[in-house]
Amino acid sequence: MTLHRRWFVLILAVVSATLLVPATASAVSPTGYEVAPVFQRFYASYGGVPTFGYAVSPPVVEQGRLVQYFERQRFEYHPEYTGTEYEVLLGLLGREIAEQEGRSFSPAAPLAGYRYVPETGHNIAPQFLGYWESRGGVRIFGYPITEAFWENGLLIQYFERARFEYHPELAGRSDAVLLGLLGQVVWQQRARDAQYADVSLAQQLAALLNQARQEAGLAPLQYDATLSQIAQLRSDDMAKRNYFSHTSPEGTTVFDMLGQWGVPWSYAGETIQRNNYPLEETAAEAARSLLASPAHRAVILDARFTRFGVAEKVSADGIHYYTVIFVQA
C-alpha cells in the first residue's frame with residue numbers, strides 16, 4: 001500500500017486594525033480606481049482617457065466574466081480568446097441604454113452626404129464619421145443603431161457600444177465630438193443590483209483568483225461544492241463569533257474539517273481575508289489584498305492545487321469574511 005504524506009499550508013491575511021478603506025488621494029486616477037492589469041494594453045492602444053474616460057469601478061464579475069467599468073464603456077475579459085485581438089471586448093452599452101430609453105432601431109433609407117451602413121440600415125452623420133473612423137470604427141464602437149437626432153442642444157447618435165454627442169458650440173475643436181458617459185450610468189445601475197449581494201461575492205473572488213492563475217500561465221482551479229460548503233462554515237463562524245483566525249476558539253482547523261467531511265487530500269491550504277469595503281468593491285479588495293501578499297500569492301499560484309472552495313459572510317457590523325480552501329487530492 002502506498003502512503004501519501006499530507007502537507008498543508010496556513011496563510012493568514014494581514015488587515016488593518018481599524019479596517020478602514022484607505023485614502024485614494026495618491027491615486028493617479030481622480031476617480032480612485034486604476035485600470036486593471038488585464039485591460040491596460042487595450043485601454044492604452046485605443047485611446048485611453050480621451051476615448052474611454054477614467055475607471056469608475058474595480059474589476060468585478062458579471063455573469064461569470066471579469067469586467068471593469070469606465071466613464072464611457074465597460075471592458076470585458078474573455079480568457080477563451082487569450083492571445084487574440086478579442087481577448088478584451090467592449091460591452092454593448094449603446095444598445096443597452098438606447099433600449100432603456102425606448103429609441104427606435106428601425107432601419108432608414110440612405111441619405112446624401114452620410115455614410116450608410118447596410119449591416120444595421122442606418123446612416124452615420126457626417127459630424128461623427130471622422131471620429132468613428134479614426135478611433136476604431138466597428139471594432140470599438142460597433143455599427144450605428146439609430147439615426148442622428150437633436151436633443152437638448154446636442155446632436156446624438158447611438159452606436160452598438162457608444163453614444164456619440166456633437167457639441168455645436170465646440171465646432172472645429174477636437175472635443176466637438178464626445179462619447180456619452182454610458183459606463184458611469186450603467187455602473188451606477190449595476191452597483192444597486194442584487195447581483196452584488198452577499199451570495200455572489202464568493203463567485204467574484206473565485207473568478208479573480210483564477211484570472212491571476214491564468215495570467216501566470218497556470219490552469220484555473222476547479223470549483224468544488226464540498227470545499228465551498230466547508231469554507232462557508234468557516235466564514236460563517238468567524239463572522240458570527242467575531243474572530244479572525246485559522247483556528248476556531250475550540251482549536252478546530254480546516255484540516256480537521258476536511259477529515260470530518262471525508263475529503264481526500266494530499267496537499268491543502270487555506271487563505272482568509274476580511275475587509276469593510278463597499279459592496280461593489282469588497283470582493284475585488286479581497287483579491288487585491290491576497291495577491292499583494294507574497295505568501296498568499298504563493299499559495300494562490302501553487303501549481304499543485306487543482307480544486308478550491310470559496311465563501312463569504314458579512315458580520316453584523318459590516319465586515320466581510322472570506323475563506324478560500326485549496327486542495328490537491
Item checked: Filtered residue count, region 300-324, keeping only those that are hydrophobic (A, V, I, L, M, F, W, C), over 22 Å from the mean Cα position of the chain (by Cα) and either open to solvent by less than 50 Å² (accessible area, probe 1.4 Å) or closer than 22 Å to Ser248 by Cβ (or both) -> 2
Check: Scanning region 256-269 for residues that are open to solvent by 30 Å² or more (accessible area, probe 1.4 Å) and touching a residue at least 12 places away in the same chain (Cβ under 8 Å), which turns out farthest from Ala303 (Cα to Cα)?
Finding: Trp261
Next item on the list: Output yes when any residue across region 70-77 is aromatic (Phe, Trp, Tyr), open to solvent by 70 Å² or more (accessible area, probe 1.4 Å) and within 30 Å of Pro220 (Cα to Cα), and no when none is.
Entry: no
Notebook entry, point to check: If you go through region 87-107 one residue at a time, how many are farther than 10 Å from Ile145 by Cβ, open to solvent by 30 Å² or more (accessible area, probe 1.4 Å) and either hydrophobic (A, V, I, L, M, F, W, C) or outside any loop (DSSP other than H, G, I, E, B) (or both)?
Noted result: 3
Checklist line | Val88 being in contact (Cβ under 8 Å) with a residue 12 or more places away in the chain, closer than 30 Å to Pro220 by Cβ and within 31 Å of the chain's Cα centre (by Cα) | finding: yes
Next item on the list: Tell me, please, whether a residue that is in contact with a Pro (Cβ under 8 Å, 6 or more places away or on another chain), more than 24 Å from Glu85 (Cα to Cα) and not charged (D, E, K, R) can be found in region 137-153.
Entry: yes
Notebook entry, point to check: Which residues, counting only those in region 112-138, are under 33 Å from the mean Cα position of the chain (by Cα) and open to solvent by 50 Å² or more (accessible area, probe 1.4 Å)?
Noted result: Glu119, Glu133, Ser134, Arg135, Val138
Checklist line | Condition check for Phe244: buried (at least 20 other Cβ atoms within 10 Å of the Cβ), at negative phi and part of a loop (DSSP other than H, G, I, E, B) | finding: no
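The values are calculated or read from the model by the stated rules, or taken from the named source; none is laboratory data. All figures in this text were calculated on a predicted structure; none of them were measured in a lab. When we count neighbours, we look across all protein chains shown, and the Cβ atoms used for this are built from the backbone with ideal geometry, even at glycine. With ligands, DNA and RNA removed, areas are computed over all heavy atoms of the protein, side chains included. Shrake-Rupley method; radii C 1.70, N 1.55, O 1.52, S 1.80 Å.
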